[in-house]
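Undergrad: Below is the structure I would like to discuss, written out as structure tokens.
The values are calculated or read from the model by the stated rules, or taken from the named source; none is laboratory data. None of these values were measured; they are calculated from a predicted model. No Cβ is skipped: glycine too gets one built from the backbone with ideal geometry, and neighbour counts run over all protein chains shown.
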Amino acid sequence: MALLNKKNPEVTPEVTPEVTPEVTPAAAVTPVAETKAVATKPSADVVPAKAVRSSVFITNPAFVEAVSDAEYGTFRSIVGTNGTHQASGDGGADLGKVLKFQAILANPVWKVVPGSSEEEAKNYFKVSRDGETCTNGQEIGDALQEALEAGYPKAAVKEYVDVICLIVDCANPDFVGETVTLQLAPSSQYTWRPLAGKCKMKAAMGALETHPILGNPDLGSAVVFTSTAMPTSYKGQNFTKFVFSV
């Protein structure tokens, strides 16, 4: 039983367009001494920078293919808790209030949220990539009804955005350079969506500021986003949202 109408998925921003220089007439060209270029052999595992160029998101084919083919849950999730970024598993490692990252993919995901922090409530947390069927094969409407009947009246289906990204900097050095999934609840999407759109326009105008991926120019370059965990409240409920900037 389908409960939601799917929304349009978020579009990965375009790469910065390459500008073709004006050609000067041959008669007006001043001869320049020929320089011999020294060829360097790229690593077998590296896609040359010319093939991936600067972009809003990481467009290196090797990175994109690796995360696109991964099953849901392959990469550790990062959520907002008590004014900080917290990783799933291993006791919930604290990554600090501020986290910098380079994004690879941003996908819409529908989640059945029990509306309770009880340990047992986690059994009713379900995920759907299409807004119809959960990853365990259960219809999302049935999963919601199951949570409601289990005594969780605040259970609801909410659309999240999962940003698969590389961590550039955070308070926990063990996570720098790691691939994670940053879970954006609806409250965290208010600054994410407009910012991604502005970066896309800057890319179109050739005014986008990017940085080498993991500090390696051979991998291409992308925008470094900053996420700040902000504690807030709404209708008597306390939670932490992410506020994004570049």
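Undergrad: Somewhere in the range 117-133, is a residue at pLDDT below 95, more than 24 Å from the chain's Cα centre (by Cα), in a loop (DSSP other than H, G, I, E, B) and among the basic types (Lys, Arg)?
TA: no
Undergrad: Restricting attention to the range 55-92, which residues are loosely packed, with under 14 Cβ neighbours inside 10 Å, closer than 22 Å to Ala222 by Cα and polar (S, T, N, Q)?
TA: Residue satisfying the conditions is Ser68 alone.
Undergrad: Additional query: Using the structure shown, decide if Phe239 is assigned to a strand (DSSP E or B), closer than 26 Å to Gln86 by Cα and either of a type in the set (Asp, Glu) or at pLDDT below 95 (or both). Give the derivation first.
TA: Working: assigned to a strand (DSSP E or B): yes; closer than 26 Å to Gln86 by Cα: yes; either of a type in the set (Asp, Glu) or at pLDDT below 95 (or both): yes.
Against the criterion (assigned to a strand (DSSP E or B), closer than 26 Å to Gln86 by Cα and either of a type in the set (Asp, Glu) or at pLDDT below 95 (or both)), Phe239 qualifies.
Undergrad: Which residues, taken from the range 77-115, are touching a Gly at 6+ places or on another chain (Cβ under 8 Å) and farther than 28 Å from Leu148 by Cα?
TA: Within the range 77-115, Thr84, His85, Lys97 meet the criteria.
Undergrad: Within the range 179-208, can you find the residues that are under 18 Å from the mean Cα position of the chain (by Cα) and among the charged types (D, E, K, R)?
TA: Within the range 179-208, Arg193, Lys198, Lys200 qualify.
Undergrad: Could you look through the range 134-180, keep only residues that are free of Cβ contacts under 8 Å to residues at least 12 places away in the same chain and of a type in the set (A, V, I, L, M, F, W, C), and pick out the one that is farthest from Val112 (Cα to Cα)?
TA: Applying the first criterion (free of Cβ contacts under 8 Å to residues at least 12 places away in the same chain) to the range 134-180 yields 136-137, 145, 148-149, 151, 173, 176.
Among the residues that remain, those that are also of a type in the set (A, V, I, L, M, F, W, C) are: 148, 176.
Values: Leu148: 10, Val176: 30 Å.
Top of the filtered list is Val176.
Undergrad: For residues that are of a type outside the set (S, T, N, Q) and in a strand (DSSP E or B), scanning just the range 68-96, find the one that is nearest to the chain's Cα centre (by Cα).
TA: Ile78
Undergrad: Among the residues that make up the range 197-212, is at least one of them polar (S, T, N, Q) and modelled with pLDDT under 95? Step through it out loud before you land on a result.
TA: Applying the first criterion (polar (S, T, N, Q)) to the range 197-212 yields 210.
Imposing the further condition that a residue be modelled with pLDDT under 95 reduces the set to 210.
Yes, some residue in the range 197-212 is polar (S, T, N, Q) and modelled with pLDDT under 95.
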